Amino acid sequence: MAAAEAAVVSSSSLKTDSAPVPETAGTAAATAATSPATAAAAAVAAAARTGSEARVSKAALATKLLSLSGVFAVHKPKGPTSAELLNRLKEKLLAEAGMPSSEWTKRKKQTLKIGHGGTLDSAARGVLVVGIGRGTKILTSMLSGSKRYVAIGELGKATDTLDSTGKVTEEKPYDKITQEDIEGILQKFTGNIMQVPPLYSALKKDGQRLSTLMKRGAAVEAKPARPVTVYSLSLRKFQPPFFTLELSSCANVLELTRTKQGPFTLEEHALPEDKWTIDDIAQSLEHCSSLLPAELALKKSKPEESSEQVLSCEFITLNETKGEDDVIKTF
């Protein structure tokens, strides 16, 4: 213990006025342990051990990241597109595993697959279902599942995008519209109805989003009406000019929040960005596996038994509708 304590003391502090003592094997060892050169060597050795432990830790995290498989949910904020959010998620996971994007783009021996099961527009927020590993194979089932939204609209103004991000194209009075008017018209928007998708949407033409084509000024034809089932529709609040549905005036959507997709809810299952870690996602996958139907549950597979994992990344994006646009793309 004395030798260990002496190793962190400067050489000048080791001088004493005592008479020299004949050197023995024990005292030689103690002297060597307390010399400045030995102290420096010990520090280098400790640093080397720390660096080695860090590399082992990163390798273990990389192994764990590659073993993740299943479906979970994240909380998408207003602003980024769904694809941009996936990119942000991917960057955080790769960085935690010690493989920044500048390196994984050069070395692609292992693949981290990640994708989402239902686009949310950049102006929308809420539940975004994410598949990782073999979980990307069951994302298609998320498209056909039920969804729940909360929308806040503004009466009296219409926009070219149908939401607050567009240009105002029309203004009409709304002072005659009452809460009873809104509640009375809800039935027209429930049940099995035919819905014409808006031109500013994630649907695609010739591989490009309709919204992108519209912003470029390209001529775009409306997609044909498609069947949609609205199970229930209710008015949560009416404070003119704000409401949740359109009437015989004009309006635009101020806010849109997806609170539920399939079995995943915003409050219970959607991970905020500060929880986008390998451990938190692993726990969420374990929890969310019980929410999926038995036929969609994934069997656990053994992780790669390698001391050094090299990561690349593959994105999978699914469109909202089935048909010619309903393809899986990787990039």
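The values are calculated or read from the model by the stated rules, or taken from the named source; none is laboratory data. Bear in mind the structure is a predicted one, so any value in this text is a computation, not a measurement. Cβ: placed from backbone, ideal geometry, glycine included. Neighbour counts: every protein chain shown. Ligands, DNA and RNA are stripped out before the accessible areas are found, and what is left, the full protein with its side chains, is counted by its heavy atoms. Shrake-Rupley method; radii C 1.70, N 1.55, O 1.52, S 1.80 Å.
Brief remarks on what is shown
- Residues of region 202-217 satisfying the condition of being more than 26 Å from Lys260 (Cβ to Cβ) and either modelled with pLDDT of 85 or more or in a helix (DSSP H, G or I) (or both): Thr212, Leu213, Met214, Lys215
- For Ile182, the criteria (1) open to solvent by less than 40 Å² (accessible area, probe 1.4 Å); (2) under 30 Å from His116 (Cα atoms) hold in every case but one, which is (2).
- Taking the criterion of being more than 18 Å from Asp160 (Cα to Cα) and either open to solvent by 50 Å² or more (accessible area, probe 1.4 Å) or among the hydrophobic types (A, V, I, L, M, F, W, C) (or both), the residues of region 189-210 that qualify are Phe189, Asn192, Ile193, Met194, Lys205, Asp206, Gln208.
- Each residue in region 178-230 was checked for being closer than 19 Å to Ser146 by Cα and β-branched (Val, Ile, Thr), and 6 pass.
- Residue check for Leu203: touching a Leu at 6+ places or on another chain (Cβ under 6 Å), closer than 19 Å to Ser122 by Cα and in contact (Cβ under 8 Å) with a residue 40 or more places away in the chain: yes
- Filtered residues of region 212-242 (kept if within 30 Å of the chain's Cα centre (by Cα) and in contact (Cβ under 8 Å) with a residue 60 or more places away in the chain): Arg226, Tyr231, Arg236
- Residue among Ser201, Ser211 that is closer than 24 Å to Val130 by Cβ and in contact with a Phe, Trp or Tyr (Cβ under 8 Å, 6 or more places away or on another chain): Ser211
- Put simply, of Val150, Val168 the only residue that is touching a Leu at 6+ places or on another chain (Cβ under 8 Å), among the aliphatic types (A, V, I, L, M) and surrounded by fewer than 18 Cβ atoms within 10 Å (Cβ to Cβ) is Val150.
- Looking only at region 251-284, residues that are more than 30 Å from Gly166 (Cα to Cα) and of a type in the set (Asp, Glu) come to 4 in all.
- Those residues of region 251-276 which are assigned to a strand (DSSP E or B) and open to solvent by 20 Å² or more (accessible area, probe 1.4 Å), in sequence order: Val253, Leu254, Glu255, Leu256, Thr259, Lys260, Thr265, Leu271
- Of the candidates Leu233, Leu245, Leu199, the single residue that is in a loop (DSSP other than H, G, I, E, B), farther than 30 Å from Lys58 by Cβ and in contact with a Ser or Thr (Cβ under 6 Å, 6 or more places away or on another chain) is Leu233.
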